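Take a look at the structure set out below.
The values are calculated or read from the model by the stated rules, or taken from the named source; none is laboratory data. A quick note: this is a predicted structure, and the numbers were derived from the prediction, not measured. When we count neighbours, we look across all protein chains shown, and the Cβ atoms used for this are built from the backbone with ideal geometry, even at glycine.
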Amino acid sequence: MIEFGHGTHVGLRRTRNEDTYYADPDLGLFLVADGMGGHQHGEVAAALARDAVVEQVRRGQSLLDAVRIAAEQLEQHAGGRHDALPMGTTLAALHLHEGIYDVAWVGDSRIYRLADQFELVSHDHSLVQELVNAGRLDPELASRHPQRNVLTQALGITAAEQLHVGVAGGRQCPGNAFLLCTDGLTDGLETSSLAGTVQRTDLAAQECVDHLLLDGLEAGGNDNLTAILIRLR
């Protein structure tokens, strides 16, 4: 059985919510997307990517292929516009099927897994993460780096043939949980804070998500915040 909670908030500094999400336990598909581009472009990009992934998974495509097809469709859509504003989105997705889980991501929306411990499964496609990987930046300083939101990969902006989709997977285990969230949540909260809420067995999944969003707002709410918590019962 799958228990899940979900929610999004525009935050305290933005007038438009360019985040979106999808949660369908029957399909076993959950995703968050953080659009970029300003005006309505980010909002449209995130929605297009969301709908494309959902459609492809429903057709039986693997999660990885679904994300790649979504990237191609979004690139085609963006290429047909005549203004200079970019139109892209991050994506973090989980597919539960046949006793296994698959995750895929592009950009800096994140996927955490709670098993024996709470751990980050995804890795940010960002300039700061590249600096950390190269040993040029202390990981402890990454969350405060002025360029922490500069992405190296994004659907609709990175050419589809150059896109590097992060993937991982494994066996579904009862008691495990997954947290999908956009950077509006993780920019303001430490991993230990996220873990403390997700690990609360006295709260339903929806209550945990409500607490996470409130904690993100109390931490500043500088961006849109979106989270889905999925528990395998």
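Couple of notes before you dig in:
- Here T226 passes the criteria (1) part of a helix (DSSP H, G or I); (2) in contact with a Leu (Cβ under 9 Å, 6 or more places away or on another chain) except the one numbered (1).
- Looking across the stretch 159-207, the residues that are assigned to a helix (DSSP H, G or I) and closer than 17 Å to Y21 by Cα come down to D183, G184, L185, T186, A205, Q206.
- Only residues that are more than 13 Å from the chain's Cα centre (by Cα) and part of a loop (DSSP other than H, G, I, E, B) were counted in the stretch 91-129, giving 5.
- Residue within the stretch 147-154 that is among the basic types (K, R) and not in a strand (DSSP E or B) present: yes
- Within the stretch 52-67, restricting attention to residues that are surrounded by fewer than 20 Cβ atoms within 10 Å (Cβ to Cβ) and within 16 Å of the chain's Cα centre (by Cα), the residue that is farthest from Q153 (Cα to Cα) is V54.
- L217 modelled with pLDDT of 95 or more, touching a helix residue (DSSP H, G or I) at 6+ places or on another chain (Cβ under 9 Å) and not in a strand (DSSP E or B): no
- Inter-residue pairs, beta-carbon under 6 Å, first closer than 17 Å to V150 by Cβ and in the stretch 87-98, second of a type in the set (S, T, N, Q), 6+ apart: T90/S109
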